[in-house]
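Here is the structure we will look at, set down as C-alpha cells.
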C-alpha cells in the first residue's frame, strides 16, 4: 500500500485557504490530475479535526471527508500494536527529552499517526515536522514537511 496521510495541519491550512475541495484529486490518486499517490485519512487526524470544528459548515465538510474516505476504504486506524509501539517510542522520547514533552496529547496523536502510517507503508505529510522528526529519531518512518 503506497500513499500518503496528511496530518491535521495540512487539512487546517486547506480549510483556512478555502482549498478544501481540492482534496478530491488526492483521494482518488487520479493520474489525469497529475497526482498519482493516493491519499489516506487517519482516524486520529479525523478526531483532531472534529475537536477543532466549531463551525457547522466545517463539521459538514469533515463529515463528508469521513464518508468519502470510508467509501473508498482509505481510513487508517491505529491497531493495538500501533498503540503499544507508540507507548514505547513516547517512553524513549520522555527519557531523552523529558516527560513533559510526551504528556501532550498532540505528541501521542502524532506518534499514533506515524506508527499506523509505518505499518501501512504510507508517508506522513505535514506543515509542522518538529514532533514527527523527534518520533522518527526513535522509530524510523517516512514523513515530508511541506
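Considering every residue within the stretch 123-132, establish whether at least one is in contact with a helix residue (DSSP H, G or I) (Cβ under 8 Å, 6 or more places away or on another chain), farther than 19 Å from residue 77 by Cβ and surrounded by fewer than 16 Cβ atoms within 10 Å (Cβ to Cβ). Yes.
Taking only the stretch 48-62 into account, find how many residues are over 16 Å from the mean Cα position of the chain (by Cα) and either surrounded by fewer than 13 Cβ atoms within 10 Å (Cβ to Cβ) or at pLDDT 95 or above (or both).
Filtering the stretch 48-62 for residues over 16 Å from the mean Cα position of the chain (by Cα) gives 53-61.
This time we only want the ones that are either surrounded by fewer than 13 Cβ atoms within 10 Å (Cβ to Cβ) or at pLDDT 95 or above (or both), so: 54-57, 60.
Final tally of qualifying residues: 5.
Of all the residues in the stretch 68-86, those that are at pLDDT 95 or above and not in a helix (DSSP H, G or I) number 5. For the stretch 81-97, check the following and say yes or no: at least one residue is touching a residue at least 12 places away in the same chain (Cβ under 8 Å) and within 17 Å of residue 9 (Cβ to Cβ). No, every residue in the stretch 81-97 fails to be touching a residue at least 12 places away in the same chain (Cβ under 8 Å) and within 17 Å of residue 9 (Cβ to Cβ). Evaluation of residue 65 against the conditions (1) touching a strand residue (DSSP E or B) at 6+ places or on another chain (Cβ under 9 Å); (2) surrounded by 15 or more Cβ atoms within 10 Å (Cβ to Cβ); (3) in a helix (DSSP H, G or I); (4) modelled with pLDDT of 95 or more shows that the sole unmet condition is (4).
Looking only at residues in the stretch 102-122 that are under 19 Å from residue 9 (Cα atoms) and surrounded by fewer than 19 Cβ atoms within 10 Å (Cβ to Cβ), the one that is modelled with the highest pLDDT is 108.
Within the stretch 99-118, the presence of a residue that is part of a loop (DSSP other than H, G, I, E, B), touching a residue at least 12 places away in the same chain (Cβ under 8 Å), closer than 18 Å to residue 49 by Cβ and under 16 Å from the mean Cα position of the chain (by Cα) is excluded. When residue 45 is tested against the conditions (1) surrounded by 15 or more Cβ atoms within 10 Å (Cβ to Cβ); (2) assigned to a helix (DSSP H, G or I); (3) at pLDDT below 95, the lone failure is (3).
The values are calculated or read from the model by the stated rules, or taken from the named source; none is laboratory data. Values in this document were obtained by computation on a predicted structure and should not be read as measured data. As a convention, Cβ positions derive from the backbone with ideal geometry for all residues, glycine included, and neighbour counts pool all protein chains shown.
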